[in-house]
Structure formats: C-alpha cells, structure tokens
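Participant: Structure provided below as structure tokens; questions to follow.
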Amino acid sequence: MANDLQTLAALLGLDAALEVADIGAADIAETPPYRPLLDAGLARLNAFEADARQHGKLRETYGESLSLFSEVIGDGTEQTLYLAAPASGMTSLLKPDAARLAFFNGFSRFGEVHATEPVRTTRLDDVAGLPDLDFLKMDIQGAELMALEHGQVRLARCAMIHLEVSFTPLYEGQPSFGDIDVWMRRHGFAPHRFTEVKSWSIAPILRDNDVRAPFHQLLEADVVYMRDLIDPDLDADLLKKTVLLAHGCYGSPDLAGHILARLEVAGHVAAGSFGAYLGMIGVVP
C-alpha cells in the first residue's frame with residue numbers, strides 16, 4: 001500500500017507531505033483513515049485532544065510523527081467541558097441531554113458526567129503553530145459545527161473533511177446531520193461517502209440481551225465531504241491532494257480516476273498519468 005501511494009504521489013507531482021488534522025483524536029479502538037498516508041511518509045498529523053487522559057496513548061501510537069495540541073477547539077469563549085468516562089468517547093463541550101440519552105439503551109451510563117471543568121476554547125483559526133490544512137477529521141461530540149464556523153481560514157484549501165454527525169443528537173443544542181450538511185454545501189463541499197452508519201436499540205427493548213446490538217433506529221454516522229467537483233475553477237493542487245486522499249484513505253478509485261483524468265486534460269499532470277493509474281488499480285483502459 002505504501003509503495004502504491006508513493007507512486008501515486010509522484011504521478012501527481014506532490015512533493016510535500018499533506019497536513020492532516022484530527023480534532024478529538026483519542027484512540028478509541030479504531031484505525032484512522034489517514035493512517036496509510038502517515039505510514040507512507042506522505043502526511044503529517046496535527047492531533048487535537050482536550051482530554052489529557054488520552055495523550056499518553058496518542059504519543060505511544062504516533063511517536064515523533066505527531067504534533068499534539070491540547071487546545072479545546074471552539075469559538076474562543078469560556079465554556080464548560082463535560083468529562084465522561086475516557087472509554088466512552090463522550091466528553092464534550094455540550095451538556096449531555098438526559099432525555100435523549102435515555103431514549104437509547106445504555107447511553108444514560110455512557111454519557112454520565114464524571115466531572116466538569118471550565119475551559120477557554122480556541123478558534124481553529126487562532127491555534128498557534130497549526131498549518132493550513134489539507135485534510136480534517138473531527139469527532140468532538142456535537143461541537144463540530146462550532147469548530148467549522150471558526151476555522152474557515154485554516155480550512156480554505158482543505159480538500160476533504162471527515163466528520164461524525166448525529167441523526168439523533170445526544171447533547172443539548174447539538175446540531176443535527178442536516179444542519180451540518182447545509183453548512184458544508186454552502187461552503188463549497190459535497191458529500192462523498194459514509195464510512196460508518198451506526199444504529200442503536202431504543203430503550204427498554206434489547207436485542208439478544210446485548211446493549212450494543214441494534215435494531216433499526218439511526219444514531220450517528222461518519223461522513224466524508226470533498227470539494228464540489230462541479231466547480232470548474234477548483235485549484236489543481238487541491239484536486240491532486242483529493243486524488244491521494246480518495247485513493248489512500250477511502251478506497252475510491254472512481255473519484256481518484258475522475259479527478260486525475262480531469263487534471264491530465266488540463267495539463268496539470270503529465271500525459272499518460274490517467275492510463276498509469278488505471279494500470280495501478282488493475283483496470284484495462
């Protein structure tokens with residue numbers, strides 16, 4: 001995989017590592033989609049985690065390739081951080097909504113607040129030492145839209161954004177998937193794919209006596225946004241980075257190939273690049 005990614009980066013003429021940010025980067029039993037780019041030496045990770053209890057695991061996982069930021073990303077105001085159990089992943093700037101938690105089996109326990117802490121939030125645009133971003137992954141338990149609204153300078157040249165969104169918000173004042181989707185489209189992004197759609201069982205009925213075994217009620221999802229490719233004036237460098245992200249992070253050769261063919265027609269990559277990519281993915285032109 002690493003060799004293929006390096007070959008593709010060379011084909012695209014990308015000679016600088018992509019700047020990746022993960023806001024809410026706690027390593028909760030998952031491999032992030034950008035990991036192949038890190039392993040291939042094609043990306044640098046800027047990780048944000050407000051919960052200091054998670055920092056040791058992050059340093060252990062990423063070592064020297066990690067730039068770790070402890071700022072609490074928000075709107076720059078004083079707020080309250082609601083601390084849940086570390087393994088729950090439910091620590092948030094938003095207060096858990098007791099009624100909505102009780103709607104689902106187990107969530108009254110998962111969302112239990114163990115402590116509160118006053119924090120000064122920082123706008124993403126104001127984080128010292130943070131470069132402009134090529135890719136953003138964000139899971140901050142309901143505060144995603146707040147971060148996006150106050151990070152538009154850092155995200156001005158961002159190629160793809162991966163967000164956790166909620167169909168049934170679990171926190172007071174939490175924007176829904178619809179709210180976030182409208183904002184993203186207004187700012188030049190279009191949805192590419194869901195990487196995960198999570199359902200959950202509604203209390204008090206359990207499936208197979210397992211609190212994590214769902215029936216059909218939608219809970220949340222991870223959704224990936226790309227720049228709206230209908231825009232004919234997208235920057236060539238941004239498009240090249242989208243090719244690398246689509247192929248390396250999301251297994252989307254059709255998206256990568258479409259953009260690569262477009263770049264070749266416009267003269268932004270060498271003639272024959274699209275054919276070389278088809279050969280790489282085992283497609284006969």
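Participant: Scanning for something surrounded by fewer than 21 Cβ atoms within 10 Å (Cβ to Cβ), aromatic (Phe, Trp, Tyr) and outside any strand (DSSP E or B), does segment 18-35 turn up at least one residue?
Facilitator: no
So that you can scan it fast, the table gives a plain yes or no per residue for (1) among the aromatic types (Phe, Trp, Tyr); (2) surrounded by fewer than 19 Cβ atoms within 10 Å (Cβ to Cβ); (3) under 25 Å from ALA17 (Cα atoms):
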site	(1), (2), (3)
VAL153	no, yes, yes
TYR171	yes, no, no
GLY178	no, yes, no
GLY188	no, yes, yes
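Participant: From the residues in segment 3-52 that are in contact with a His (Cβ under 7 Å, 6 or more places away or on another chain) and at pLDDT 95 or above, which one is nearest to ALA271 (Cα to Cα)?
Facilitator: Result: LEU8.
Participant: Also, I was wondering about something else. Please go through segment 99-134 and give me each residue that is touching a helix residue (DSSP H, G or I) at 6+ places or on another chain (Cβ under 7 Å) and either surrounded by fewer than 13 Cβ atoms within 10 Å (Cβ to Cβ) or in a loop (DSSP other than H, G, I, E, B) (or both), ordered by number.
Facilitator: GLY111, ASP134, listed by residue number.
Participant: Can you tell me which residues in segment 74-83 are touching a helix residue (DSSP H, G or I) at 6+ places or on another chain (Cβ under 8 Å) and either of a type in the set (Val, Ile, Thr) or under 14 Å from GLU49 (Cα atoms) (or both)?
Facilitator: Passing the criteria: only GLY74.
Participant: Can you find a residue in segment 199-206 that is surrounded by 18 or more Cβ atoms within 10 Å (Cβ to Cβ) and more than 14 Å from the chain's Cα centre (by Cα)?
Facilitator: Yes, that holds for at least one residue.
Participant: Give segment 47-66 a look and list any residue that's touching a strand residue (DSSP E or B) at 6+ places or on another chain (Cβ under 9 Å), free of Cβ contacts under 8 Å to residues at least 24 places away in the same chain and either surrounded by 14 or more Cβ atoms within 10 Å (Cβ to Cβ) or under 19 Å from LEU83 (Cα atoms) (or both), or say none.
Facilitator: Correct list: HIS55, LEU66.
Participant: Would you check if there is a residue in segment 228-242 being surrounded by fewer than 18 Cβ atoms within 10 Å (Cβ to Cβ) and either of a type in the set (Ser, Thr, Tyr) or over 24 Å from LEU155 (Cβ atoms) (or both)?
Facilitator: No, segment 228-242 contains no residue that is surrounded by fewer than 18 Cβ atoms within 10 Å (Cβ to Cβ) and either of a type in the set (Ser, Thr, Tyr) or over 24 Å from LEU155 (Cβ atoms) (or both).
The values are calculated or read from the model by the stated rules, or taken from the named source; none is laboratory data. Owing to the predicted nature of the structure, the values given are computational and were not obtained by experimental measurement. A quick note on method: Cβ atoms are made from the backbone with ideal geometry, for glycine too, and the neighbour counts reach across all protein chains shown.
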